[in-house]
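The values are calculated or read from the model by the stated rules, or taken from the named source; none is laboratory data. Treat the numbers as computed from the prediction; the structure is a model and nothing was measured. Ideal geometry is used to build each Cβ from the backbone, glycine not excepted, and the neighbour counts take in all protein chains shown.
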Amino acid sequence: MDERLEEIASLYVLEALTPEDRKTFETAIGRDVRLQSLVAALRAVRDAVAGAVPPLSPPPQIRNRILADLDHRDRKKPRAAAVKTAPVMPLAPVEPVKRAEPVEPVPPVEPVAPAEPLRTVEPEEPAGKIEPPERLREAKPAESPEPEEPVTPVYAPSLSMRREASSPPSDLLGFWLPWSITAVVVVLAVNWYMDRSDLRKSAARQHAAIEELDQLTESLRTATNNLEQTVVTLNAASKVDDVRVALLTSASSDFPKPAAVCLWDNQQQSGILVAQSLTPLTPDRDYQLWMVDPQYLTPVNAGLFQPDKNGNVRVHFKPDKAINSAMRFTVTLEPKGGSTAPTYKNMVLVGG
Amino acid sequence: MSQPVMDNDFDLLRAIGRGDRQAFARFYDIYARLAFSLAARIVNDEADAGEVVREVFLQIWDRAGAYHPGLGKPCSWVVALTRNKAVDYLHAYQDGEILRGRVAADMTIRKPGEVTANESIRRKETAEQVCTALAALPEEQRRAIEVCFFTGLSQKDMSAQMSQPPEIIRMRIRAGLLALRKKWEGLV
């Protein structure tokens, strides 16, 4: 398993990745069974570390408070799971009907204004006691009781409205149903059209983003191709276990271009650094190579160097201390003559 | 102490997801000690730790219906929820000075032979071996793991507080966890 992935997996289980890195890594986990296995194993270790703390029993009142909180919640709002299992009311289609109200043929009611005769009626008096016009009386079915609600001026003036009000519910349905269905169909059609339009725009945006990413990937692939070839060639040529080849890449957006390869011979305790596209130095600066070995608390100085006017360099190096395991190589920009410890804000290259 | 059957924890979570209070109480009884110990270790205050545990278990009640094994074992889920909630408390209610002090202080976990919160979920001998493995780690690796996990500092802040470059800290965390993994896999 790649060391870098192991490092990210370690930070992942310790909850130390940024949300963006976390999301990216979780996508990678989903595709890689070995990574899933590593994460599961590291999680078990993490849990063991978490459990290795001094034991403390929570006060009993915490348990009581939690259960009381649940009671309180249940009173305020039923549990989501219960809501899920409840029958779903077909409310959604009703909503568009409300929005379609302007379509309803109500306006004919408006013009009929004279309501004087009924204003004299006592409000609590049932409508049945009002003498309705003959036509209305004829329209009522014989078994239909008189309307029980008090007659209000709104209903009173219009004969057609009064006829509706006194009609059985089936008549009402028969009148409104086609309009409601039409309104629902219109609203659904509009929604469908808008959704379709949004989807089309979203797809176009995603397509453009994918094309952009493809171009970026291609340019990066081209840029690193030479160095990868070099590493492959060197690794293939190296038959000695003690020889290590490391690809160093840019460590900061301040230094986006450079790249380098380190060839390290552990037995000889010396190596070769080949770098390209380094920024030429001012006279008061040096590039400094460092080697990271876990046995030392700080990186080990491996020498100073300066690139040529094209930013290229090829140097032999020998670290100040004996290296047991060359985990990483870094190149930093330091004051002339070098530093005793790397200036990490000026890190130019890193790799291992 | 009787050891709970770990496979049943999935069933408990499923039952909690359906609104089963008894299952919830059982789950609480299994993991409350671990959660409280971990929270107290992070926030260094038992009253705050109690609040953390309360919020964690209310989260468990709310989210159990959406739990799936991809989130890790129930134990791992409890640990992650507790750690993150405790770190939120730590950063929201305790100032930077206290945090820096905690980084500087010796954060040594229990030494072999001492009782640990692990024993609520693992056999005593296993818990003992975990402590032995932790104690055997190089000091800088153990410290990097502890600071990372128990303080919730960002990599940049850890680097500043521990006077080490982030990559060294990351390297130590990785080396430490992998070393523990080797030991751990020999135990389970």
**Qualifying residue in the stretch A:254-277 (condition: among the β-branched types (Val, Ile, Thr), at pLDDT below 90 and surrounded by fewer than 16 Cβ atoms within 10 Å (Cβ to Cβ))** = no
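Being surrounded by fewer than 21 Cβ atoms within 10 Å (Cβ to Cβ), at pLDDT 85 or above and within 14 Å of chain B (Cβ to nearest Cβ): is that true of residue A:245 here?
On the way: surrounded by fewer than 21 Cβ atoms within 10 Å (Cβ to Cβ): yes; at pLDDT 85 or above: yes; within 14 Å of chain B (Cβ to nearest Cβ): no.
It is false that residue A:245 is surrounded by fewer than 21 Cβ atoms within 10 Å (Cβ to Cβ), at pLDDT 85 or above and within 14 Å of chain B (Cβ to nearest Cβ).
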**Message:** Can you report the number of residues in the stretch B:55-75 which are within 10 Å of chain A (Cβ to nearest Cβ), part of a helix (DSSP H, G or I), surrounded by 18 or more Cβ atoms within 10 Å (Cβ to Cβ) and of a type outside the set (Phe, Trp, Tyr)?
**Reply:** 5
**Asked** Looking at the stretch A:278-309, which of the residues that are within 14 Å of chain B (Cβ to nearest Cβ) and without any contact (Cβ under 8 Å) to a residue 24 or more places away in the chain is surrounded by the fewest Cβ atoms within 10 Å (Cβ to Cβ)?
**Response** A:297
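Could you count how many residues in the stretch B:47-95 are of a type in the set (Asp, Glu) and either within 25 Å of residue A:45 (Cα to Cα) or touching a Lys or Arg at 6+ places or on another chain (Cβ under 7 Å) (or both)?
To start, the set of residues in the stretch B:47-95 that are of a type in the set (Asp, Glu) comprises B:48, B:51, B:55, B:62, B:88, B:95.
Next cut, either within 25 Å of residue A:45 (Cα to Cα) or touching a Lys or Arg at 6+ places or on another chain (Cβ under 7 Å) (or both) only: B:55, B:88.
The number of residues fulfilling the criteria is 2.
Quick grid of which residues meet (1) farther than 30 Å from residue A:292 by Cα; (2) touching a strand residue (DSSP E or B) at 6+ places or on another chain (Cβ under 6 Å); (3) without any contact (Cβ under 8 Å) to a residue 40 or more places away in the chain; (4) not in a helix (DSSP H, G or I):
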residue: A:4; (1), (2), (3), (4): no, no, yes, no
residue: A:10; (1), (2), (3), (4): no, no, yes, no
residue: A:21; (1), (2), (3), (4): no, no, yes, no
residue: A:36; (1), (2), (3), (4): no, no, yes, no
residue: A:40; (1), (2), (3), (4): no, no, yes, no
residue: A:46; (1), (2), (3), (4): no, no, yes, no
residue: A:53; (1), (2), (3), (4): yes, no, yes, yes
residue: A:66; (1), (2), (3), (4): yes, no, yes, no
residue: A:72; (1), (2), (3), (4): yes, no, yes, no
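Within the stretch B:156-171, count every residue that is part of a helix (DSSP H, G or I), over 15 Å from residue A:13 (Cβ atoms) and facing another protein chain (nearest Cβ under 8 Å).
Filtering the stretch B:156-171 for residues part of a helix (DSSP H, G or I) gives B:156-162, B:166-171.
Then drop every residue that is not over 15 Å from residue A:13 (Cβ atoms), which leaves B:156-162, B:166-169, B:171.
Next, only the ones that are facing another protein chain (nearest Cβ under 8 Å) stay: B:159, B:166-168, B:171.
Of the residues in that region, 5 qualify.
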**Asked** What number of residues within the stretch B:145-155 are within 7 Å of chain A (Cβ to nearest Cβ) and either touching a Pro at 6+ places or on another chain (Cβ under 6 Å) or among the acidic types (Asp, Glu) (or both)?
**Response** 1
**Any strands (runs of 3 or more DSSP E) falling wholly within the stretch A:246-328 and containing at least 2 residues that are under 41 Å from the mean Cα position of the chain (by Cα) and not acidic (Asp, Glu)** = A:259-265, A:270-276, A:285-292
**Prompt:** Which residue pairs have Cβ atoms under 7 Å apart, sit 6 or more places apart or on different chains, and have a first residue in the stretch B:11-28 that is within 11 Å of chain A (Cβ to nearest Cβ) and a second that is among the aromatic types (Phe, Trp, Tyr)?
**Reply:** B:16/B:24; B:16/B:27; B:16/B:61; B:17/B:67; B:24/B:61; B:28/B:57
**Item:** Any chance residue B:40 is in a helix (DSSP H, G or I), within 22 Å of residue A:74 (Cβ to Cβ), among the small types (Gly, Ala, Ser) and within 7 Å of chain A (Cβ to nearest Cβ)
**Value:** no
**Complete:** Sole miss for residue A:81 among (1) at the interface with another protein chain (Cβ under 7 Å from one of its Cβ atoms); (2) within 28 Å of residue B:172 (Cβ to Cβ); (3) modelled with pLDDT under 85 is condition (2)
**Asked** Out of (1) aliphatic (A, V, I, L, M); (2) modelled with pLDDT of 50 or more; (3) over 23 Å from residue B:133 (Cβ atoms); (4) more than 27 Å from the chain's Cα centre (by Cα), the odd one out for residue A:106 is which?
**Response** (2)
